[in-house]
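Report on the following structure.
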Amino acid sequence: MQVTGMLHGAKLLRFVGFDAAEVLGPDASEEQIKALIEKHGSVLVKPVFKGGIGKKGKAGLVRRASDLKTALREKERLYFAEHRVGNLTAKANGVTFEGTVPAEHEVYFSIADSTKFRAPAMTLTHHGGADIEDVDKTLVAQIPFDPLTGLKAFVVANALSELNAPKQIISPLVQQLPKLWELFHNFGMITLELNPIRMRPDSKGRLTPIACDFKCAFDRDDARRGRLDLPNYLFAADFSDFEQEINQLRTYQGQSDVFVVNPHGTILAPTFGGGANALVTEMLGDDAIISSDFGGNPPYEKMREVARICFKHWLKTANVLFIVGGKSNNTDIFETFRAMADALREHFSEHGPTPLYVVVGRGGPNVIRGMGAMRDTLELLGLPYRFFGFDSDLSEVIGYAQAADAWMKADGRQIVGKGMRR
């Protein structure tokens, strides 16, 4: 769940009193845009994308305008611009107009939960305004700190001194950057990035840090983000109908992370656990319909609804239903398997039978009872199946699911269809 750009970023920064560039949204009038240009000399016109996507500047999607005519022309060009980064494609729905901030120095700053240090870590350099990956590592400080005490001023001061940063920027940054820990910690964020922070001089030459771009990501299961009262559409980044339905099932118990990999795939793989999901998604490739993690001990009602939605959207075109996960510590396998079996039986009753090969690989509490419940339903429906226990090699289980898919693509669907109970 990401928020990018200054349209909402400036509002979030005001919670902790951190100065930001002046920004107008898509609904700004011509008079407001003209006034902003006259005040700052020029504006940056940027498209607004749902969710988070970067590299807009390199793609030519950020333009400077020094007059109203140019600003309106860029608004028309960028309002519905499309942008692709890797496998991610996003379409804009509006633009922002940001007053330019003249400055000699640009700073990069971020806070994130670091798996390397097992603690929150600050990343800081006085060579901002560029991708942090492109900056020489000797010019970047990455400093972990104690979350109980937070980001203290001396941590920032020591980092800037070690980087030999210009003396005139140290004091303002030491005073202002610790405020960002309050924003990060108090509202359920997992990353917070400002790049660039431009050091604007006042009439006396004293520098003030001004945030000119903003990016953050929230833990969607952390209730503290609700304090910000952000609109839900910010996090609905071009989701399919399937993904939106699944995301509405988020509760305090159980995960429902899902992403459509290939809508034309043939293996429907509801997966339990992040590690299993990573391996399953990588090995199945384009044969996978979805990438998912439904772990976290979901209750029966939630799991049945998740399965119902999966089956409604994908079962008709799937060859293999691949229910897979590692050995669970606390997920009740009986409850999850019973829920999925009930959803499958209800789907067949409502929509009619469809040829399907079921492969199950799982371990954990009540796994025998769970597999028994699943077996009873599959035999009732006349579907072929193969179960693997917790001691099976996950990669070999995935290979079996792929082999079953290949057989179904050959003549298996016809064979299964003839043997099904109607």
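The values are calculated or read from the model by the stated rules, or taken from the named source; none is laboratory data. Computed from a predicted structure; not experimentally measured. So basically every Cβ, Gly included, is an ideal-geometry build from the backbone, and we count neighbours across all protein chains shown.
List of remarks:
- One residue alone among V367, V397 is under 32 Å from the mean Cα position of the chain (by Cα) and within 19 Å of I289 (Cβ to Cβ), and that residue is V397.
- The stretch 96-144, residues that are of a type in the set (A, V, I, L, M, F, W, C) and touching a Lys or Arg at 6+ places or on another chain (Cβ under 7 Å): V101, A103
- Flag for T354 being in the same structural domain as A410 (by TED's automatic domain parsing), among the hydroxyl-bearing types (S, T, Y) and in contact with a Pro (Cβ under 9 Å, 6 or more places away or on another chain): no
- Taking the stretch 110-135 as the range and being in contact with a strand residue (DSSP E or B) (Cβ under 6 Å, 6 or more places away or on another chain) and either outside the structural domain of I197 (by TED's automatic domain parsing) or in a loop (DSSP other than H, G, I, E, B) (or both) as the test, the residues that pass are F117, H126, G128, G129, V135.
- Among (1) touching a strand residue (DSSP E or B) at 6+ places or on another chain (Cβ under 7 Å); (2) surrounded by fewer than 18 Cβ atoms within 10 Å (Cβ to Cβ) - the single one P196 does not satisfy: (2)
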